[in-house]
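Laboratory data are not the source of any read-out in this text; all were calculated from the coordinates shown. All values derive from a computational prediction rather than experimental measurement. Note that each Cβ is placed from the backbone with ideal geometry, even for glycine, and that neighbours are counted across all protein chains shown.
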Amino acid sequence: MSNFKHKKELGQHFLKDKNIAAKIAGLGEIKKGEDVWEIGPGNGILTREILAYNAKLTGFEIDKALWERLESEFGEKLELVKKDVLHVDWERRLGAGKVKIIANIPYQITSPLLMKMIGVREHLSKIVIMIQKEVAERMRAEPGTKEYSFLSIKAQFYFKVKYEFSVKPHVFIPPPNVQSAVISLIPRDDVYELEDSDYFWRLVDSTLRSRRKTLRNNLKYIISKEQIAALEEHTEINLTRRAETFSIPEFIDLYEKVRRET
Ligand code: SAM
């Protein structure tokens, strides 16, 4: 790999510490023969550790400069999908059994990847990923903290989020400009069934738009003044609170009441 030129636009920060790769794979709790997906095997440092558990591994790698090396080292043990993981039809690839996703992902595709994972969550049993530390902190944040945001609610609505450990830039080649962290996500089996999920997420987004403003002020982005007055009159919701202090059950309660009053 000495003459390999890392591509910044592909988020190519390769782990150089085998112990960290082993720790990530270990968090996957992989059983022999289990289906695992790795997004961006790169030079294979994590791939090796995942395969040590005899996983049935599929790797999605976009960079053709890495394919030959991966194929010659892993051969049949790795099903290499030579594509942009965001352009793969995940639904079609997923079978009846559950899959684990274990990866040091390219940070620039964290949000679209999370959306894809949410879309197929019923096919996933565990996700262990390295992401930007700041994003990991937002994903696991509690109501009322400065990190609590749309992303916290989105991630925690669908998954049990666990912050596993922090990772310093110097364990990568080249070192990224940001700190990193490994998180694990386990799909919830008690996800609240939203009749109109688009509306729920628009409501969450609107009420968090101006963080320092009260719920009453932010609700103006999504419902009329008359509807806000009706909400005040007919429900117990405290409109002087800020949405950033609302837990997920409180957002659900707000959504149900707003829908009833509007
Ligand atoms: N797994 C290796 C490691 O831990 O050192 C490499 C991780 S590196 C952060 C991210 C990898 O994802 C790179 O190999 C990069 O080429 C690949 N990649 C970037 N964007 C991708 C995409 N959209 N689809 C598939 N692979 C992608």
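Quick notes on this structure:
- Inter-site label distance for Leu86 and Ala52 at 7 Å from Cα along Cβ, in nm: 3.2
- In degrees, nearest ten, helix 225-234 long axis to first principal axis of the chain (Cα): 80
- Scalar couplings 3J(HN,Hα) for the stretch 60-77, obtained by applying the Karplus form with A = 6.51, B = -1.76, C = 1.60 to θ = phi - 60°, are 10, 10, 7, 8, 5, 5, 9, 4, 4, 4, 5, 5, 6, 6, 9, x, 5, 5 Hz; x denotes Gly and Pro.
- Ordering Tyr255, Ala230, Thr207 by Cα displacement along the dipole of the stretch 164-262 toward the positive end leaves Thr207 in first place; charges were set at the Cβ atoms of Lys, Arg (+1) and Asp, Glu (-1).
- Ordering of 164-172, 215-223, 3-11 by packing is 215-223, 164-172, 3-11, highest average first (other Cβ atoms within 10 Å, averaged per residue).
- The amide H of Lys56, built 1.01 Å from its N in the peptide plane, has Gly33, Glu34, Asp35, Val36 as neighbours under 5 Å, considering only residues 5 or more places off or on other chains.
- Computed over the chain, Kirkwood Rh from alpha-carbon pairs, angstrom: 20.1
- Global geometry of the stretch 120-194, whether rounded, prolate or oblate, following the gyration tensor of its Cα atoms and the 1.5 cut on a/c: oblate
- Rounded to the nearest 20, the Cβ-based charge dipole of the stretch 110-224 about its Cα centre (Lys and Arg +1, Asp and Glu -1) stands at 540 debye.
- Ellipticity estimate at 222 nm from DSSP helix runs (n ≥ 4, -39,500 (n - 2.57)) divided over the chain, nearest 500: -10500 deg cm²/dmol
- Unit charges on C-beta of K, R, D, E only; dipole of the chain, Debye: 840
- Charge tally for Pro175 (other residues, Cβ to Cβ under 13 Å; Lys, Arg +1; Asp, Glu -1): +2.
- Antiparallel bridge percentage (DSSP; both residues within the stretch 45-192; nearest 5): 60
- Burial ordering of Ile129, Ile50, fewest other beta-carbon atoms within 10 Å first: Ile129, Ile50
- Dipole magnitude for the stretch 32-181: computed about the Cα centre from +1 point charges on Lys and Arg Cβ and -1 point charges on Asp and Glu Cβ, it is near 380 debye.
- Degrees between helix 18-27 axis and first principal axis of the chain (Cα, 0 to 90, nearest 10): 50
- Approximate spin-label separation Lys23-Arg188, in nm, with each point projected 7 Å along Cα-to-Cβ: 2.9
- Residues whose placed amide H lies under 5 Å from that of Glu164, excluding near-sequence neighbours: Val182, Ile183, Ser184
- Sorted peptide list for 149-155, 68-74, criterion being average Cβ within 10 angstrom, highest first: 149-155, 68-74
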